[in-house]
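The values are calculated or read from the model by the stated rules, or taken from the named source; none is laboratory data. These figures come from a predicted structure and were not determined experimentally. Every residue, glycine among them, receives a Cβ derived from its backbone with ideal geometry; neighbour counts consider all protein chains shown. The area values use the complete protein model at the heavy-atom level, side chains included, leaving out ligands, DNA and RNA. Shrake-Rupley method; radii C 1.70, N 1.55, O 1.52, S 1.80 Å.
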Amino acid sequence: MADGNAQSRYVKLTRDQAPLEDITPGELNQPVEIPQLNVRRCSECGQPLPESYQAPADEDWTTGICACADDPESCWTGLFCPCVLFGRNVETLRDDIPWTNGCVCHAICVEGGLALAAATGMFHGIDPKTSFLLCESLLFAWWICGIYTGLFRQSLQNKYHLKNSPCDPCLVHCCMHWCALCQEHREMKNHLSDNAAMPVPVVNPPPVQEMSSKDDQESAVAPPAPASKDPESTNLEMQPL
């Protein structure tokens, strides 16, 4: 029996002591962010890349800027509904952006500006003051549209390591907007068709192996051959030649 005068190993807590800090369950199991491990790596060899590294843009476009007739469908869509063609290009390039968002933004800048200019000229007439205001508004809307669509063209070039064709992406859209939309659509269409044409290796699964019981193993063993009743065959002797 333990001695009653022995000092207890437990500490008695009182109400005067400060409460302990509450710890939420699972708080100690949160992942730790290590900046040294968050580095860009090469997709081929896995080596870390510097932050300022940019993939070389040395690939040519599959079609030229003026080859709109190579794909009649995108040519007619870009001519009469460029906002729809731009929305499709954005959706193909970025899965997280629906085609309606790009279509609406393009329609506000280009189609909306043209519709507003036509309505202003129809109801207020065309005079020097109105013409200057309309030209200034249209140039500003066209400049905004060129920058907006040029950024997506630049993303497409970075994705497929394409060269500037024929010049800066924003400048291309400002000067040859409809041709640039058709060229981008053909480029993504050709790359998607190339990926779909790649052969997929077929791997046959290994045969299924089953564990047999002891009775099955005993039945699988072949019975011994019966002994021959011929005495000549049983009494074999070696004779000299």
Problem set entry | Test: ALA107 is over 26 Å from the mean Cα position of the chain (by Cα) and part of a helix (DSSP H, G or I) | yes
Problem set entry | Of all residues in segment 117-147 being of a type in the set (Val, Ile, Thr) and part of a helix (DSSP H, G or I), the one that is nearest to VAL104 (Cα to Cα) | ILE144
Exercise. TRP99: touching a Lys or Arg at 6+ places or on another chain (Cβ under 6 Å) and of a type in the set (A, V, I, L, M, F, W, C), yes or no?
Worked result: yes
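Of all residues being over 27 Å from the mean Cα position of the chain (by Cα) and of a type in the set (Ser, Thr, Tyr) in segment 130-164, which is most open to solvent (accessible area, probe 1.4 Å)? Just the residue, please. I'd like the intermediate steps shown before the answer.
To start, the set of residues in segment 130-164 that are over 27 Å from the mean Cα position of the chain (by Cα) comprises 130-144.
Those still in the list that are of a type in the set (Ser, Thr, Tyr) too: 130-131, 137.
On the way: THR130: 24, SER131: 36, SER137: 61 Å².
Only one residue tops the list, namely SER137.
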Problem set entry | Residue ID - most open to solvent (accessible area, probe 1.4 Å), chosen from residues in segment 78-93 that are without any contact (Cβ under 8 Å) to a residue 60 or more places away in the chain and not aliphatic (A, V, I, L, M) | PHE80
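Yes/no matrix, rows are residues, columns are (1) at pLDDT below 75; (2) out of contact with any helix residue (DSSP H, G or I) (no Cβ under 7 Å at 6 or more places or on another chain):
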{"residue": "TRP76", "(1), (2)": "no, yes"}
{"residue": "CYS81", "(1), (2)": "no, yes"}
{"residue": "ASP96", "(1), (2)": "no, yes"}
{"residue": "HIS106", "(1), (2)": "no, no"}
{"residue": "GLU111", "(1), (2)": "no, no"}
{"residue": "THR120", "(1), (2)": "yes, no"}
{"residue": "PRO128", "(1), (2)": "yes, yes"}
Exercise. If you scan segment 165-192, which residues turn out to be at pLDDT below 85, surrounded by 14 or more Cβ atoms within 10 Å (Cβ to Cβ) and within 16 Å of ILE65 (Cα to Cα)?
Worked result: SER165
Exercise. In segment 104-117, how many are open to solvent by 20 Å² or more (accessible area, probe 1.4 Å) and of a type outside the set (A, V, I, L, M)?
Worked result: 4
